[in-house]
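Okay, so here's the structure we're looking at.
The values are calculated or read from the model by the stated rules, or taken from the named source; none is laboratory data. Given the structure is predicted, the values throughout are model-derived calculations rather than measurements. Glycine gets a Cβ as well: all are built from the backbone with ideal geometry, and neighbour counts include every protein chain shown. Each accessible area value is taken on the protein alone, full model and side chains, heavy atoms only, with ligands, DNA and RNA left out. Shrake-Rupley method; radii C 1.70, N 1.55, O 1.52, S 1.80 Å.
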Amino acid sequence: QVEVVASGGGLVQPGGSLSLSCAVSGNFFTIYDMGWYRQAPGNRRELVTTITYGGTATYSDSVKGRFTVSRDNTKNKVDLRMNNLKPEDTAVYYCYANTVSRDLRELDYWGQGTQVTVSS
């Protein structure tokens with residue numbers, strides 16, 4: 001079984017910065033894409049960023065230039081550095097991992113979610 005654990009959420013003032021971390025462990029062969037979604041109250045879950053095994057990152061237009069995603073394949077971790085935070089960034093952030101199982105099936109896993117609140 002695969003476990004995805006996110007951490008690093010909290011309260012930050014507008015214009016501030018915050019970092020999220022995510023660790024993936026368990027039974028899998030490799031991880032293709034990793035990244036982050038977020039969901040604000042009353043909204044649909046929104047893709048924030050994704051990063052490939054080789055380190056190619058994509059971002060939603062709303063966070064481009066402010067957020068930076070990185071991953072460490074030796075530790076099966078993905079991090080998200082969030083700069084110049086805005087109140088509209090307030091949401092629960094979910095880490096995901098697109099894995100390949102040992103029998104070569106593509107399986108997606110999600111973290112538990114971590115709250116990010118941007119407010120003065």
**Request:** Could you calculate the FRET efficiency of Glu46 with Asn84 from 1/(1 + (r/R0)^6), where r is the beta carbon distance between them and R0 is 22 Å, rounded to 0.05?
**Result:** 0.75
**Request:** Heavy atoms only, probe 1.4 Å: what % of the accessible area of region 1-106 goes to carbon and sulfur, would you let me know?
**Result:** 47 percent
**Request:** Enter the accessible area per residue of the chain (Å², integer; probe 1.4 Å; all protein chains in place).
**Result:** 54 Å²
**Fill in**
The answer for the longest stretch of the chain without any exposed trypsin sites (Lys or Arg not before Pro) (DSSP loop, at most 15 further Cβ atoms within 10 Å) is 1-43
**Prompt:** In debye, nearest 20: dipole of region 7-103 around its Cα centre with unit charges on the Cβ of K, R (+) and D, E (-)?
**Reply:** 80 debye
**Asked** Within the chain, what percent of beta bridges assigned by DSSP are antiparallel, to the nearest 5?
**Response** 95 percent
**Modelled label reach - Arg102, point 7 Å along Cα→Cβ, region 20-52 residues with backbone N closer than 16 Å** = 25-31
**Prompt:** Which residue fluctuates the most in the chain, going by a Gaussian network model with Cα springs under 10 Å, if the choices are Gly26, Gly42, Gly55?
**Reply:** Gly42
**Request:** Heads up, I need the accessible area for Ser120: 1.4 angstrom probe, whole protein in place, Å², nearest 10.
**Result:** 140 Å²
**Request:** Please give the contour-minus-distance gain from Gln115 to Ser60: 0.36 nm per residue of separation, less the Cα-Cα distance, rounded to one decimal in nm.
**Result:** 17.9 nm
**Message:** Placing +1 on the Cβ of each Lys and Arg and -1 on the Cβ of each Asp and Glu in the chain, which of Gln13, Tyr93, Val48 has its Cα farthest towards the positive end of the resulting dipole?
**Reply:** Gln13
